[in-house]
Each structure stands twice: as structure tokens, then as C-alpha cells.
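The values are calculated or read from the model by the stated rules, or taken from the named source; none is laboratory data. Everything numeric here is computed off the predicted structure, so don't read it as measured data. Don't worry about glycine lacking a Cβ; one is built from the backbone with ideal geometry, like all the others, and counts go over all protein chains shown. The area values use the complete protein model at the heavy-atom level, side chains included, leaving out ligands, DNA and RNA. Shrake-Rupley method; radii C 1.70, N 1.55, O 1.52, S 1.80 Å.
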Amino acid sequence: MYSSAYTPSGTRNLLEPAIQVIHADDNPSLDLKYIRHEQTSNGPDVVLTTVHLKDPEYPFEVTLHYKAYQHENVIEQWTSIKHTEPKAIRMQKYASANLYLSSAHNYYLTHFHGDWAREMNAEQIQLSAGLKVLDTKLGTRADLFQAPSFFLSLNQPSDEDHGEVLFGTLAWSGNYQLQFEIDPLRNLRIIAGINPYASEYILPPDTEFITPSFLLTYSNHGLGRASQNLHRWARKYRIPHGEGNRLTLLNNWEATYFDFNEDNLTMLFEDGKKLGVDLFLLDDGWFGNKYPRNDDRAGLGDWQENTEKLPHGIAYLVRKAEEIGIKFGIWLEPEMVSPKSELYENHSDWVIKAPNRAEYYYRNQLVLDMSNPEVQNFVYSVVDGMLSKHPTLGYIKWDCNAVIYNAYSATNPHQSHVYVEYVQGLYKVLDRLRIKYPDLPMMLCSGGGARVDYGALRYFTEFWPSDNTDGLERVFIQWNYSFFYPAIATCSHVTNWGTQPLKFRTDVAMMGKMGYDIVLSKLDANELAFSQQALKLYARIKNIIWLGDVFRLVSPFEINNDIASLMYVSENQDRAVWFTYLVSKRYRAGTTGPIRLKGLDSGKKYALQEINVYPGTDNSSVLTEKNISGDYLMTFGFNPVVDERRTSVILELTEIR
Ligand code: DGJ
């Protein structure tokens with residue numbers, strides 16, 4: 001009974017259920033019996049298995065779906081629930097997945113918690129008898145404190161190359177719950193799905209409720225293989241244009257904040273062109289007239305150009321940027337509203353807030369009620385309006401900075417549906433937008449990476465991992481994101497945060513989807529030449545980083561490691577890019593010997609060349625090897641010579657044919 005594929009509640013079950021319902025006749029018991037199963041092929045290497053379950057006493061059915069991506073070794077699992085009882089039933093819990101693991105003696109759970117500017121801190125625990133719960137109740141930007149992703153090592157903690165490990169992540173951009181229960185037989189039950197917290201769902205007859213997907217991959221070769229599986233799957237099956245191109249960009253957020261006008265924006269376009277990026281991204285602050293968006297206390301919801309800052313409107317900016325020779329993109333935060341806005345004044349019933357409670361603000365703003373179809377249409381029309389008016393607009397940064405307080409809808413007949421229907425409403429809008437604009441690059445953002453998940457990444461080409469853009473911090477933050485998300489989707493910008501040299505910050509940006517957020521006029525001649533060169537270099541190597549497999553070589557999180565080192569290897573192992581960073585300030589910190597590479601072909605010979613070298617660097621210190629075998633590099637290794645004089649080093653490996 002503990003091992004049910006989808007544990008019902010209120011009958012024989014004594015442990016955590018996957019589903020809990022109250023039938024139309026108020027009976028709170030559920031039993032689910034196997035009826036039949038089918039398997040269908042969903043394209044090459046993709047097999048969908050569906051298992052049909054039914055309550056013997058009620059016309060109540062559950063279908064379990066397991067989609068196996070055989071080549072990537074990823075399983076996507078979700079559940080659909082329906083009934084034909086005389087009236088609606090109440091669902092109190094409706095998980096996506098229910099797993100039972102009985103093959104190990106011990107289970108080590110690694111999960112990731114954080115907050116603004118300090119995302120993705122890993123913590124590993126050995127699971128003990130009883131329940132461990134990871135969850136969020138924040139509603140939107142839901143994973144601010146806890147990511148919906150984890151890994152679980154069997155028997156003993158895994159490392160990059162060894163150990164049995166299961167990676168799991170819930171594709172849902174709202175409240176989730178992941179439960180880990182060591183049962184009386186010392187086996188592990190995992191239940192993953194929407195958080196039942198304040199979310200009883202009333203399901204009418206003949207209506208299907210489909211849960212979000214839970215994704216998992218298993219590796220018996222440690223963490224590295226599991227990340228590669230998930231990245232390959234995400235690029236091929238989930239992220240729009242996951243195997244395609246991305247635009248480098250210059251963003252003005254850290255350069256100007258809210259303080260800009262047409263003239264200085266035009267100068268920034270020139271800067272972008274001079275630097276060599278593909279696109280200029282205008283950030284927050286361009287809108288609102290009655291309540292101008294000159295700081296973060298007003299204007300959200302009033303998506304009209306501020307006539308003082310932009311007298312000739314967006315159309316002028318798009319045209320100007322294009323004349324200068326770069327594309328133009330824009331920031332929106334369409335799900336949000338400032339209390340000081342015309343939108344709030346005219347549609348206060350569109351705002352999530354309790355009628356009889358004080359309003360609570362997060363970043364001085366409130367959240368629109370995405371469960372309301374009128375609000376969905378408004379949000380759709382904000383984005384669609386922008387894109388229809390400016391058909392050559394090249395990019396949208398979709399921000400989301402508030403959590404949901406006082407979860408209450410003025411229009412939803414079921415208050416307990418608000419959290420769930422918020423996310424469903426958001427996805428409906430994004431579905432419509434993606435049908436109309438399938439190729440538009442869109443960044444999934446919130447003040448920090450507190451929103452990324454594989455539900456939202458069905459619609460977004462990339463995500464913003466953290467507002468913390470200090471190069472050193474990003475080495476750590478991006479390291480932990482890399483367990484679950486591929487580099488092509490991981491935005492990484494060169495900014496002025498922190499004390500790292502420009503080369504270090506640029507090298508860090510290169511291990512993701514590169515961009516800039518700096519004031520170009522403050523760069524000296526060397527810095528400018530270096531940055532221009534870096535963008536050209538990036539264009540040459542980006543496909544190895546974006547589409548290759550990641551190999552994490554030396555973790556910055558391990559005590560006594562002065563460095564972080566990781567590499568990307570192309571699928572046919574003919575090219576690789578290897579990044580190493582100094583992460584310690586201790587006396588004589590640095591590499592002390594060779595680092596063993598991974599993922600190369602031991603039978604191949606490679607040329608090895610240090611790249612992204614800063615202008616004026618003494619040539620004799622630049623590393624080059626003309627002919628070195630994969631076998632040698634992987635068994636003996638190579639020293640990238642990282643120390644306080646060379647705090648970051650990139651080496652390119654190319655097969656010699
Ligand atoms: C939070 C984002 O993370 C920043 O990059 C910036 O867009 C601000 N919001 C703007 O308000």
C-alpha cells in the first residue's frame with residue numbers, strides 16, 4: 001500500500017496521499033484501482049505510457065501519464081483527474097507524481113534555497129524517518145526562497161562522476177510542494193505537485209483537471225550525467241529555440257536606472273553598436289504619465305510611454321536603434337500594478353487584495369488577478385499591443401517582482417482557486433502570445449532568479465538568474481543553476497557590480513547567455529577593445545557553450561578549493577571551452593597542479609589555446625599547446641595557471657584532424 005503509483009486517501013492509506021477528494025455526496029474516501037494502460041509513440045525516442053485508475057464505488061478516474069524521452073533519459077510525469085458524479089467534487093490535494101524508491105538504504109536530499117541576490121544555495125541532508133517538505137506559498141515569483149528542483153542520491157552522496165542520483169523538478173510557476181517520506185519499511189516515497197495550501201479545487205463533472213509536469217532523470221554516473229540529460233531534454237523539447245540562436249544585448253538598467261531620456265538612450269544605442277551587441281534592451285522606467293515611473297513607487301500598469309522622457313514614443317526608439325544598426329527590445333512587468341497608477345484607479349477589482357484588510361506591498365506594488373479572464377486579456381493586450389505596434393521589436397524582458405499577499409480575488413467564485421488559476425491564467429496568456437509570436441526572444445525575470453522553472457521555460461527563451469551580477473557571486477550562483485538549466489537559457493551580464501576585473505566579469509558572462517549592463521563611455525581604450533573582441537570571440541564559441549555538454553570540474557563550494565572550473569564540450573567532442581576562476585583571496589590561492597578534464601574523446605588530439613586574453617598581457621604567459629591527447633588531458637590533466645595575477649582563464653580546445 002505504501003508503494004501505490006498514486007496514493008488515494010480516506011480508505012486504507014496511512015501515509016501521505018497523492019490525492020485527496022471529497023465526493024459529490026460529501027464522502028471523503030477515495031480508492032483507485034488499475035483499469036488498463038496503453039503505450040503510444042510520441043515521435044522518435046519518445047514513448048508515452050498512460051495508466052488508467054478508477055474508484056470502484058464512484059465514477060471518478062485518474063490517469064497517470066509517463067512520457068519517456070528515451071534518448072535524453074528524462075521522464076515527464078503528470079496526472080489528469082475527472083469524474084461524472086452528479087455535482088462538483090472538492091479536491092484537496094492533486095499531486096503530479098508519486099514515486100516509490102526501495103532500492104537504497106539511505107537517501108541524501110540536496111535542495112536549493114535563497115533570497116534576493118543570493119539565489120540557489122545548496123543544502124544536503126540525509127532523510128530520516130517521516131516527512132521532509134519543500135514548498136512555497138508565495139504565489140508568484142514563487143521560488144524566491146526555495147527552488148522547485150532537487151536531487152536525491154541513493155545510498156551515499158553523489159559527486160559529479162559517481163553515484164546513483166535522481167534529479168527532479170516541478171514545471172509549475174506557482175505554489176508547489178515536494179514531499180519526501182521515509183516510510184515504515186525504510187523506503188522513500190516522493191510526492192510532487194501543486195501545493196495544496198489554500199488551494200482546494202472544485203471540479204465540476206466532465207471536466208478534466210490536468211496537473212503540471214514533474215520531470216525527473218536518473219543517473220548512475222553522478223551529477224554530471226544527470227545535468228547533461230536535463231539540459232539536452234530542455235534544449236530539444238522544452239525551451240523555445242532551445243537549440244537555436246540568442247541575441248547579445250546591452251541593457252540600461254544598471255547604467256541609468258529610471259533616469260534616462262531620448263537623447264541619452266540614443267547615445268546608448270550608439271554604444272551598443274560600438275560594443276558589437278545585437279540588441280539594446282530598454283529597462284524599467286519608460287512609462288506612466290499621470291503617475292510617471294521615475295522610481296519603483298508608481299506607474300506599473302500604465303503601459304504608455306512617458307511623454308516627458310520619450311516625447312516621440314517607442315516607435316522613434318525602435319527606428320533610431322535600427323538606423324544605428326541594432327535591434328530594440330523592451331522591459332515589461334505585465335502581471336503587476338502600482339497602487340499609484342491609473343490601472344489601479346480604474347480597475348481595482350483586477351487586483352489581488354482582501355477587501356477588509358490593509359494592503360501589503362512587495363516592492364511597493366501589487367499583483368493583478370491573473371485568474372480573471374478580463375485581466376488575462378489585458379495582460380495579453382499589453383504585450384500584443386506593444387508587438388503589433390512595433391513589429392520589429394526584437395526582445396521582451398518579462399519581469400515579475402511581487403509575491404502575493406492577501407490572496408483574494410474580487411471576481412473568482414472560488415477563492416481557493418486563486419493560486420492555481422493565477423498560474424493557469426498566466427500560461428493561457430503566454431500560450432496565446434507564443435502562437436502569435438513563436439520566434440520572439442523573451443527573458444523570464446524577477447528581481448532575482450526567483451521564478452525559473454520548466455513550466456515557464458516552455459515560453460521563455462532565457463531567464464535572469466539573479467540581480468546579483470558581481471562576477472564572483474555569479475560563479476557560485478550559476479554553478480548551482482547549472483545542475484538544472486542549460487547555459488543557453490542562463491542570462492549572464494557584464495556589469496559594474498563587485499570588485500572583479502573586467503576580464504573576470506566578461507569570462508563569467510561568457511559561460512551563459514552573454515549580455516552587458518555597463519556605461520560604455522566609462523571604459524578606457526583597453527577595456528573597450530577587450531570587450532569588442534570578447535563579443536566577437538563569443539560569437540565564435542557560443543555554440544559550444546550553448547549546445548555542448550557541461551562538465552563541472554572543480555567546485556567552488558568545496559572547502560579548500562581556491563578555484564571553480566568547468567567546461568563545455570561539443571556533442572561530437574571536437575571542440576571544448578574550459579573556464580577556470582579564482583574564488584579565494586587567501587595567500588597564494590590558485591591552481592597548484594593540473595586539473596583533469598572531462599568529456600573529451602581520449603583517442604583524439606587537441607590543440608589548446610588560451611582565449612579572451614586582456615590587451616597588453618605578456619605573450620609568454622598565454623597558454624598554448626599544439627598537440628595534446630584527450631587521454632592525457634583526462635588522465636593527467638592540465639594546469640590553467642589561475643592565481644592572483646590570472647584570476648580567470650578560458651582555454652579553447654579544438655580537435656586536430
Ligand atoms: C528587477 C530585475 O531583475 C532588474 O534587472 C530590473 O529589470 C528591475 N527589476 C527593474 O525594475
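Some values worked out for this structure:
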{"quantity": "Burial ranking of peptide ranges 179-191, 86-98 (average Cβ count within 10 Å, highest at the top)", "calculated": "86-98, 179-191"}
{"quantity": "Listed residues K542, K290 arranged by accessible area, highest first, probe 1.4 Å", "calculated": "K290, K542"}
{"quantity": "Local electrostatic count at A68 - Lys and Arg +1, Asp and Glu -1, tallied over other residues with Cβ under 13 Å", "calculated": "-2"}
{"quantity": "Relative contact order [Cα under 8 Å, 6+ residues apart], the range 550-655, whole percent", "calculated": "33 percent"}
{"quantity": "Rh (Kirkwood; distinct C-alpha pairs) - the range 579-626, Å", "calculated": "13.7 Å"}
{"quantity": "For the range 550-655, alpha-carbon Rg over 2.2 N^0.38 Å", "calculated": "1.04"}
{"quantity": "Under 25 Å from the Cα of K542 - lysines, other chains or at least 8 residues apart", "calculated": "K236, K273, K274, K327, K397, K503, K513, K598, K604, K605, K626"}
{"quantity": "Cα-Cα pairs of the chain separated by more than 38 Å (percent)", "calculated": "37 percent"}
{"quantity": "Cα pair distances exceeding 14 angstrom across the range 281-334, given as percent", "calculated": "52 percent"}
{"quantity": "Principal semi-axes in Å for the range 197-263 [√(5λ), Cα gyration tensor, largest first]", "calculated": "37, 28, 14"}
{"quantity": "For q = 0.17 Å⁻¹, Debye-computed log10 I/I(0) when each Cα of the range 19-146 counts as one equal scatterer", "calculated": "-1.15"}
{"quantity": "Helix-only [θ]222 nm of the chain, DSSP H runs n ≥ 4, -39500 (n - 2.57) each, per residue, nearest 500", "calculated": "-6000 deg cm²/dmol"}
{"quantity": "Cβ-defined net charge surrounding D161, 15 Å radius [Lys, Arg +1; Asp, Glu -1]", "calculated": "-1"}
{"quantity": "Karplus-derived HN-Hα couplings along the range 265-274 (A = 6.51, B = -1.76, C = 1.60, θ = phi - 60°), whole Hz, x at Gly and Pro", "calculated": "5, 4, 5, 5, 4, 4, 4, x, 5, 5"}
{"quantity": "Mean separation of Cα contacts under 8 Å, 6 or more apart, over the residue count of the range 408-550: relative contact order %", "calculated": "16 percent"}
{"quantity": "Protection proxy ranking of 276-282, 132-138 - average other beta-carbon atoms within 10 Å, highest first", "calculated": "276-282, 132-138"}
{"quantity": "Residues in the range 53-80 that a label on I210 would reach, taking backbone N under 14 Å of a point 7 Å out along Cα→Cβ", "calculated": "63-67, 77-80"}
{"quantity": "Euclidean distance between Cα centres, the range 301-351 to the range 94-162, Å", "calculated": "39 Å"}
{"quantity": "Under the Debye formula (equal points on every Cα, no solvent term), log10 I(q)/I(0) of the range 19-238 at q = 0.18 Å⁻¹", "calculated": "-1.42"}
{"quantity": "Over the range 19-238, relative contact order from alpha-carbon pairs under 8 Å, at least 6 apart, %", "calculated": "22 percent"}
{"quantity": "Theoretical FRET efficiency, 1/(1+(r/R0)^6), r = Cβ-Cβ of N496 and K273, R0 22 Å, to 0.05", "calculated": "0.60"}
{"quantity": "Carbon + sulfur, % of accessible area of the range 353-488 - ligands and nucleic acids excluded, 1.4 Å", "calculated": "53 percent"}
{"quantity": "Whole-Hz ³J(HN,Hα) from phi, Karplus 6.51 cos²θ - 1.76 cosθ + 1.60, for the range 428-441, glycine and proline x", "calculated": "4, 4, 5, 4, 4, 5, 5, 5, 7, 10, x, 9, 5, x"}
{"quantity": "Alpha carbon Rg of the range 74-196, scaled by the compact-globule rule 2.2 N^0.38 Å", "calculated": "1.16"}
{"quantity": "Surface per residue (accessible, 1.4 Å probe) for the chain, Å²", "calculated": "39 Å²"}
{"quantity": "Scattering profile of the range 347-445 at q = 0.10, 0.15, 0.19, 0.20 Å⁻¹ [log10 I(q)/I(0), Debye over alpha-carbon scatterers]", "calculated": "-0.30, -0.65, -0.96, -1.03"}
{"quantity": "Accessible surface of the range 550-655, 1.4 Å probe, proportion on carbon and sulfur as whole %", "calculated": "47 percent"}
{"quantity": "Surface share of carbon and sulfur [accessible, 1.4 angstrom probe, percent] for the range 19-238", "calculated": "50 percent"}
{"quantity": "Under Karplus coefficients 6.51, -1.76 and 1.60, residue-wise ³J(HN,Hα) of the range 75-91 in Hz, glycine/proline x", "calculated": "10, 10, 10, 8, 9, 10, 10, 8, 7, 10, 6, x, 9, 4, 9, 10, 9"}
